[in-house]
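See structure below.
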Amino acid sequence: MPQPRSKIEVTLERVLFASRWLLAPFYLGMILALAALLFVFMRELIGELSHIGTLDAEDGILLALSLIDLSLTGNLLLIVMFSGYENFVSKIETEAHEERPSWMGTVDFSGLKLKLIASIVAISGIALLRSFLTLGDPRTAIDSQHIGWMVAIHLTFVVSGVLLAVMDWLTSKADSH
């Protein structure tokens, strides 16, 4: 027969459970960050389109990479907002909504980590590609140490992603036994 719980224990557990709502302002802050990213995206797009007639191929590629980079960062914010809120605060009741993303409610903390590192690797790869594209410009001084650090950091992200995936795979194998 279970022991009756003290009033202090019950109160403490209720306070601890309710404390998850302290995360809500973080997710609201991410909405503001997403709005700021949209502003930067639009400023970049409008600024470059204003002189589209003078863009050469490399400038067009750099513009596309910048916009992709901002888009991936926005996607990352959205994934963290939705998944973090649903995993740690409360469920978002939108099952009946026709535009509900299919992944909502299915990304657990492990999946969130992998999506996060995959997005970081993609963003890092785009930044690296952007640096590589400027190497052919005779007006640009080549800073091989800077590029070396960028490659090292990118490879660190890649290795971290692989190690996280391996750890999750090992954990899933251990859980199934």
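What the table below lists for this structure:
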| item | result |
| --- | --- |
| Tally of residues being farther than 27 Å from Phe132 by Cα, among the hydroxyl-bearing types (Ser, Thr, Tyr) and surrounded by 10 or more Cβ atoms within 10 Å (Cβ to Cβ) across segment 153-177 | 2 |
| Among (1) touching a Leu at 6+ places or on another chain (Cβ under 7 Å); (2) under 30 Å from Arg14 (Cα atoms) - the single one Glu58 does not satisfy | (2) |
| Test: residue in segment 47-55 that is under 24 Å from the mean Cα position of the chain (by Cα) and loosely packed, with under 11 Cβ neighbours inside 10 Å | no |
| Tally, over segment 130-152, of residues that are open to solvent by 80 Å² or more (accessible area, probe 1.4 Å) and part of a helix (DSSP H, G or I) | 5 |
| Pair list, Cβ < 7 Å and 6+ apart or interchain, from segment 113-132 residues that are over 18 Å from Ala165 (Cβ atoms) and among the charged types (D, E, K, R) to residues that are at pLDDT below 85 and in a helix (DSSP H, G or I) | Arg130/Leu62 |
| Residue among Glu13, Glu44, Glu98, Glu86 that alone is charged (D, E, K, R), free of Cβ contacts under 8 Å to residues at least 60 places away in the same chain and loosely packed, with under 11 Cβ neighbours inside 10 Å | Glu98 |
| Conditions (1) under 30 Å from Arg139 (Cα atoms); (2) of a type outside the set (Lys, Arg); (3) open to solvent by 80 Å² or more (accessible area, probe 1.4 Å); number of the one not met by Leu72 | (3) |
| Some residue of segment 27-41 being among the hydroxyl-bearing types (Ser, Thr, Tyr) and either in contact with a strand residue (DSSP E or B) (Cβ under 8 Å, 6 or more places away or on another chain) or farther than 30 Å from Arg139 by Cα (or both) | yes |
| Test set (1) assigned to a helix (DSSP H, G or I); (2) exposed (fewer than 13 other Cβ atoms within 10 Å of the Cβ); (3) aromatic (Phe, Trp, Tyr) - Trp103 fails condition number | (1) |
| Segment 118-147, residues that are among the polar types (S, T, N, Q) and over 22 Å from Ala57 (Cβ atoms) | Ser119, Ser124, Ser144, Gln145 |
| Close pairs (7 angstrom Cβ cut-off, 6 or more residues apart or separate chains): small (Gly, Ala, Ser) in segment 16-40, open to solvent by less than 50 Å² (accessible area, probe 1.4 Å) anywhere | Ala24/Val89; Ala33/Leu77 |
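Okay, residues lined up against (1) more than 23 Å from the chain's Cα centre (by Cα); (2) over 29 Å from Thr171 (Cα atoms); (3) outside any helix (DSSP H, G or I); (4) among the acidic types (Asp, Glu):
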{"position": "Arg14", "(1), (2), (3), (4)": "yes, yes, no, no"}
{"position": "Gly29", "(1), (2), (3), (4)": "no, yes, no, no"}
{"position": "Arg43", "(1), (2), (3), (4)": "no, yes, no, no"}
{"position": "Leu72", "(1), (2), (3), (4)": "no, no, no, no"}
{"position": "Glu95", "(1), (2), (3), (4)": "yes, yes, yes, yes"}
{"position": "Glu98", "(1), (2), (3), (4)": "yes, yes, yes, yes"}
{"position": "Leu114", "(1), (2), (3), (4)": "no, no, no, no"}
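The values are calculated or read from the model by the stated rules, or taken from the named source; none is laboratory data. Here the structure is a predicted model, which is why all the values come from computation and not from measurement. Cβ coordinates were reconstructed from backbone atoms using ideal geometry, including for glycine residues, and neighbour counts include every protein chain displayed. Please note that ligands, DNA and RNA were not included when accessible areas were found on the heavy atoms of the full protein model with its side chains. Shrake-Rupley method; radii C 1.70, N 1.55, O 1.52, S 1.80 Å.
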